[in-house]
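Scroll down for the structure; my scribbles are underneath it.
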Amino acid sequence: MRVTVVGAGYVGLVSSACFADFGHEVTCIDNDPHKIDRLKAGQMPIFEPGLDQLVATNVREQRLVFGTNLGEAVSSADAVFVAVGTPSRRGDGHADLTYVYAAAEEIAKSISGFTVIVMKSTVPVGTGDEVEAIFGQRHSAETFAVVSNPEFLREGAAINDFKRPDRVVVGTDNDKAKAIMRELYRPLYLNETPIVFTSRRTSELIKYAANGFLAMKITFINEIADLCEAVGADVQHVAKGIGLDGRIGSKFLHAGPGYGGSCFPKDTKALARTAVDAGVPFKLIETTIDVNDRRKTAMAEKVTQALGGEVSGKRICVLGLTFKPNTDDMRDAPSLTIIPALQAAGAEISAFDPEGIEEAQRVLTGVRFASGAYDAAEATDAIVIATEWDQFRALDFTRLKGVMRSPVMVDLRNIYRPEDMRSLGFTYSSIGRS
């Protein structure tokens, strides 16, 4: 099938490459000519494991092309995916739909023949209705269908998530649109992937409900971790004990410094605002947002306590800056709260991240960005592990002790055992463990 994807950001680029790998003819459009030039040259604007090879293969096989001419790409498409950003709107937490509506206006000018307009962007309930109205101003109802098809991609594992998803959700009541969506995702039938067809508004809400629930799950185990520290229990054992319950499950029960990234922060805010606007305030989500925000600030205090209650004049090494490993995404990363708080208290910061330094340099000031973990640890009073990159899981502690001023580690991701670290001579602090 002929597919056009509008937006070469994280979701749009991954979706384009994967649909092309399914055998469809895909054109990925973006209004940033510099980004498109880089993509044509094989340079990825984001870090996602395996994406560069997948793009290169499908470009070479002529199933995937990049461009800026939206009209030309849309006019020949069976389906047009809208994959533009929907950041939180300043002031009220609503999703900013400026880019969605702008894309819809442009697409509406160019569709030819029956076309399925697929909302891949994360949008509040009722957005599809507004987009449908935009198309209805130019076209009869028989010539288009607006469909909701939310994405459930985890950064760092997006290609596998697209090709081997837990489910595909499609929101439409249009039979012709259903047939096209089935054909687009037909390769997944071999894996017996469930495809959930539902109403458009229900589909829009499924996305927010999923991310809201996962954010609550993370926040719950983080509060359990605080309780564990207070009563002398081990949060990792608690997580295992409850995660083995099939009703709960083990995923998203890893205690840490709070969630971040491109989805959970903005989607929980948008869900809370949607609920308020509908007259049904969502207290669980509102509390989750508040607890998560406060937790990131509390992590800076945890580092301060590990250094005896005072960090002024101390040098602190932060390992990991991105909100999670296997991405260069710095959006709402805990490090963006922890580092400025320590700096405000008088600490000097050196930092290293395998992929996120370029992005971090845009949003952090006064930090010495190092070329590696041991360089970052040089002459420091403490190490803070803020992101659990694989290369931080087997550090040479003899070497670290040799370059540090004092052997103190604050492990905000619980990747080491307390007893092992203490036997190596480190003053060690972690999350929810004594």
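The values are calculated or read from the model by the stated rules, or taken from the named source; none is laboratory data. This is a predicted model, so every value here is computed, not measured. All Cβ positions, glycine included, derive from the backbone under ideal geometry; neighbour counts span all protein chains shown.
Hey, H254 hits all of (1) within 19 Å of T322 (Cα to Cα); (2) surrounded by fewer than 16 Cβ atoms within 10 Å (Cβ to Cβ) but one; which does it fall short on?
Just one mismatch for H254, condition (2).
Within the bounds of region 213-232, is there any residue that is touching a Gly at 6+ places or on another chain (Cβ under 9 Å), within 22 Å of L153 (Cα to Cα), outside any helix (DSSP H, G or I) and of a type outside the set (D, E)?
no
For region 140-208, which strands (runs of 3 or more DSSP E) that fit wholly inside it have 1 or more residues that are among the hydroxyl-bearing types (S, T, Y)?
Correct list: 144-148, 195-198.
If we keep just the residues of region 53-78 that are surrounded by 15 or more Cβ atoms within 10 Å (Cβ to Cβ) and among the charged types (D, E, K, R), which is nearest to A8 (Cα to Cα)?
For region 53-78, the residue satisfying everything is R63.
How many of the residues in region 14-52 are closer than 19 Å to Q62 by Cβ, crowded, with 23+ Cβ neighbours inside 10 Å and of a type in the set (V, I, T)?
Residues in region 14-52 being closer than 19 Å to Q62 by Cβ, crowded, with 23+ Cβ neighbours inside 10 Å and of a type in the set (V, I, T): 3 in total.
Show me the helices (runs of 4 or more DSSP H) found entirely inside region 348-434 where at least 3 residues are surrounded by 22 or more Cβ atoms within 10 Å (Cβ to Cβ).
373-377
Hey, can you tell me all the residues within region 274-301 that are of a type in the set (D, E, K, R) and surrounded by fewer than 20 Cβ atoms within 10 Å (Cβ to Cβ)?
Scanning region 274-301 gives D277, K283, E286, D290, D293, R294, E301.
Please find, among E229, E192, the residue that is closer than 24 Å to K251 by Cβ and not assigned by TED's automatic domain parsing to the domain that holds N149.
Answer to the check: E229.
Condition check: surrounded by fewer than 23 Cβ atoms within 10 Å (Cβ to Cβ), at pLDDT 95 or above and not polar (S, T, N, Q). Does F81 satisfy that?
It is false that F81 is surrounded by fewer than 23 Cβ atoms within 10 Å (Cβ to Cβ), at pLDDT 95 or above and not polar (S, T, N, Q).
From the list T337, T322, which residue is surrounded by 23 or more Cβ atoms within 10 Å (Cβ to Cβ) and either modelled with pLDDT of 95 or more or assigned to a loop (DSSP other than H, G, I, E, B) (or both)?
T322
Out of the residues in region 262-294 that are of a type outside the set (V, I, T) and assigned to a loop (DSSP other than H, G, I, E, B), which is nearest to A333 (Cα to Cα)?
S262
Given the criterion under 30 Å from I159 (Cα atoms) and out of contact with any helix residue (DSSP H, G or I) (no Cβ under 7 Å at 6 or more places or on another chain), identify the matching residue among Q361, Q343, Q305.
Exactly one of Q361, Q343, Q305 is under 30 Å from I159 (Cα atoms) and out of contact with any helix residue (DSSP H, G or I) (no Cβ under 7 Å at 6 or more places or on another chain), namely Q361.
Within region 379-424, track down each residue that is of a type in the set (D, E), in contact (Cβ under 8 Å) with a residue 40 or more places away in the chain and farther than 19 Å from G256 by Cα.
Listed by number, the list holds a single entry, D381.
Scan region 364-396 residue by residue and report those that are among the aromatic types (F, W, Y) and either outside the structural domain of G320 (by TED's automatic domain parsing) or touching a helix residue (DSSP H, G or I) at 6+ places or on another chain (Cβ under 8 Å) (or both). Outline the logic, then answer.
At the first step, the residues of region 364-396 found to be among the aromatic types (F, W, Y) are 369, 374, 389, 392.
Across region 364-396, the qualifying residues are F369, Y374, F392.
Conditions tested, residue by residue: (1) more than 18 Å from K324 (Cα to Cα); (2) in contact with a Cys (Cβ under 7 Å, 6 or more places away or on another chain); (3) of a type outside the set (S, T, N, Q).
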{"position": "Q343", "(1), (2), (3)": "yes, no, no"}
{"position": "D353", "(1), (2), (3)": "no, no, yes"}
{"position": "G356", "(1), (2), (3)": "no, no, yes"}
{"position": "V363", "(1), (2), (3)": "no, no, yes"}
{"position": "V367", "(1), (2), (3)": "yes, no, yes"}
{"position": "A370", "(1), (2), (3)": "yes, no, yes"}
{"position": "A373", "(1), (2), (3)": "no, no, yes"}
{"position": "A377", "(1), (2), (3)": "yes, yes, yes"}
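Output the residues belonging to region 126-152 that are crowded, with 22+ Cβ neighbours inside 10 Å and hydrophobic (A, V, I, L, M, F, W, C).
Answer for region 126-152, where residues must be crowded, with 22+ Cβ neighbours inside 10 Å and hydrophobic (A, V, I, L, M, F, W, C): V131, F144, A145, V146, V147.
Just wondering, is there one or more residues in region 283-295 that are outside the structural domain of G85 (by TED's automatic domain parsing), more than 22 Å from W389 (Cα to Cα) and at pLDDT below 95?
No, region 283-295 contains no residue that is outside the structural domain of G85 (by TED's automatic domain parsing), more than 22 Å from W389 (Cα to Cα) and at pLDDT below 95.
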